[in-house]
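Mind having a look at this structure? Questions to follow.
The values are calculated or read from the model by the stated rules, or taken from the named source; none is laboratory data. Since the structure is predicted, the reported quantities are computational estimates derived from the model, not experimental observations. Ideal geometry is used to build each Cβ from the backbone, glycine not excepted, and the neighbour counts take in all protein chains shown.
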Amino acid sequence: MIKSAIIQGLLCFFLLASGMAQANVQFDASRVVFDDANREQSFLLSNRNDYPVVVQAWVDDGALNSNAGFKGSPVITYPSIFKMDAHTNRSIRLINSAIGQKNAGTERLYWLNVQILSPKTGKELNTGKPELNVSLLLKFKLFYRPHALKGPSSEALKSMRFSRVGSTQDRLRISNPSPYYVTFNRLSDGDTPVLRDLMLPPGGSQELPLLAPLPASASGLNYAVVDDSGLITQGSVSLTK
């Protein structure tokens with residue numbers, strides 16, 4: 001089922017418009033997990049608008065100065081720019097340009113960028129509506145995963161460590177020795193959130209201030225992580241000293 005990009009909670013989007021407008025283009029996923037042994041995967045778009053749009057797609061490293069000319073990704077898009085008629089579906093092919101090459105034993109993070117342009121005006125579309133000129137840029141996480149990593153990213157939670165820092169119980173150190181990126185929607189003490197919106201890279205460790213101090217009696221935390229499908233998985237972890 002094609003899900004709205006807004007409902008999927010995409011991490012970043014920019015809307016530049018003259019007048020009030022909405023680019024109603026929807027996607028079948030909120031993230032991409034790309035097995036490095038695959039030659040290609042697809043990413044489905046659906047144009048629900050009553051007018052055509054132009055789509056440009058590319059993969060980059062997420063840096064502020066990166067653009068469609070970025071050359072450092074093993075995954076390339078095809079076609080990189082195309083037109084979508086009103087009420088049609090179209091797939092972007094994600095092609096592995098590094099197939100057969102030896103890769104590191106950990107995931108690498110890239111970003112799939114999808115820019116949607118609707119340069120037509122209301123008068124040109126014979127709708128009688130005010131002029132419309134929309135540029136919408138959506139960014140999706142693309143995890144380039146070694147084929148040898150068979151389990152889902154949620155497997156990383158089994159090896160992660162969560163420990164208090166400081167005498168005031170208001171900081172938490174999280175260590176991720178796994179080869180996966182782990183994205184937390186939240187960490188909670190019971191029903192009280194103590195951290196929100198955190199992503200740890202493979203082998204990463206962070207010490208973070210908490211939204212609320214942990215009671216001395218706390219022995220564990222509840223978590224909500226974003227899984228490989230972009231859905232929320234919940235569970236609990238133990239606190240270590």
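Can you pull out the residues in region 36-48 that are surrounded by fewer than 18 Cβ atoms within 10 Å (Cβ to Cβ) and either modelled with pLDDT under 95 or assigned to a loop (DSSP other than H, G, I, E, B) (or both)?
ALA37, ASN38, ARG39, ARG48
Kindly indicate whether LYS102 is at pLDDT below 85 and buried (at least 17 other Cβ atoms within 10 Å of the Cβ).
Answer is no for this residue.
Being over 23 Å from GLN26 (Cβ atoms) and surrounded by 13 or more Cβ atoms within 10 Å (Cβ to Cβ) narrows it down to one of ILE81, ILE92, ILE76, so name that one.
ILE76
Taking GLY220 as meeting all but one of (1) outside the structural domain of ILE116 (by the TED database); (2) within 18 Å of the chain's Cα centre (by Cα), write down the number of the exception.
Here GLY220 clears every test but (2).
Filter region 107-124 down to residues that are over 16 Å from THR77 (Cβ atoms) and either surrounded by 17 or more Cβ atoms within 10 Å (Cβ to Cβ) or modelled with pLDDT of 95 or more (or both) and give me whichever is farthest from the chain's Cα centre (by Cα).
Taking the candidates together, the pick is LYS120.
Sticking with this one: When you check VAL54 against the structure, is it in a strand (DSSP E or B), under 21 Å from the mean Cα position of the chain (by Cα) and at pLDDT 60 or above, yes or no?
So VAL54 fails the test.
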